[in-house]
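Each remark here refers to the structure printed beneath this line.
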Amino acid sequence: MKTRKLSILCLAVVMSVGLLSCATTKKGPLQWSSAGQAIYDGEFEFANPPPEWKLVLVESGGEFGFGFMKRDAGAFPSQSMFVYDEEPFGYSTKFEDREEEFFRRFLWTTAVNLDIKVLERKKVRVVGGEGLAVVAEGKDPVKKEKAKFKAVFGKRGERVVAWYLTQWRHIDGTYDDSAFEVFDQFWGSYKFLKKSFYETL
């Protein structure tokens, strides 16, 4: 049942990629600044990922998320995806509490049974303010799958936002550290080009 749900989730993401590529053949949501930075929907600016990373729209903790995905070499389910989430899972405005809420609900929603272990937790600067970066790994010995996560929590106004990467591997597979480097450039270069809806209330 869980494998079926994971397959459905992966199919939904792939369909999003296909639909988005069709919708963006003329003038899509991804543009470029004069300095070569990517601009998404006129609202978010960041370092443009390498071409093997394809733009995706995803159903996330809140209304929407967007990010980039690539299929990695190796046995199923080898792939990496990172997103920006305007309304990540959870409600707390404290980063440590939001981290716990996020991972609990994120894994429940993706219908996977991973035993999560936090590998690293540190304070970071993100979009000019305080943030929290968490690296974790989960393994499912029954399905012989594992995943490595990195989540970065920051603030947009008073609200918590998040950037997160999920990298899936067969239990005997090795992780690709270069994906985490691309992800770090993504969130590390992030800028809000205008106020959010909530900041205008």
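Read-outs throughout are calculated quantities, based only on the coordinates presented, and are distinct from any laboratory measurement. Keep in mind that this is a model prediction, so the values were computed, not measured. Don't worry about glycine lacking a Cβ; one is built from the backbone with ideal geometry, like all the others, and counts go over all protein chains shown.
Would you check if Val142 is without any contact (Cβ under 8 Å) to a residue 40 or more places away in the chain and either surrounded by 12 or more Cβ atoms within 10 Å (Cβ to Cβ) or in contact with a Cys (Cβ under 8 Å, 6 or more places away or on another chain) (or both)?
no
Just to verify a result, which residue in the stretch 181-201, among those that are basic (Lys, Arg) and touching a residue at least 40 places away in the same chain (Cβ under 8 Å), is surrounded by the fewest Cβ atoms within 10 Å (Cβ to Cβ)?
Among those that are basic (Lys, Arg) and touching a residue at least 40 places away in the same chain (Cβ under 8 Å), it is Lys194.
Any residue in the stretch 129-136 that is touching a Leu at 6+ places or on another chain (Cβ under 7 Å) and in a strand (DSSP E or B)?
yes
Could you check Glu100 against (1) touching a residue at least 12 places away in the same chain (Cβ under 8 Å); (2) not in a strand (DSSP E or B) and say which number it fails?
Looking at each condition in turn, Glu100 falls short on (1).
Of all residues being surrounded by fewer than 18 Cβ atoms within 10 Å (Cβ to Cβ) and aromatic (Phe, Trp, Tyr) in the stretch 160-180, which is farthest from Phe68 (Cα to Cα)? Just the residue, please.
In this case the residue turns out to be Tyr175.
With the condition kept exactly as written, say whether any residue in the stretch 153-166 is of a type outside the set (S, T, N, Q) and farther than 23 Å from Lys123 by Cα.
no
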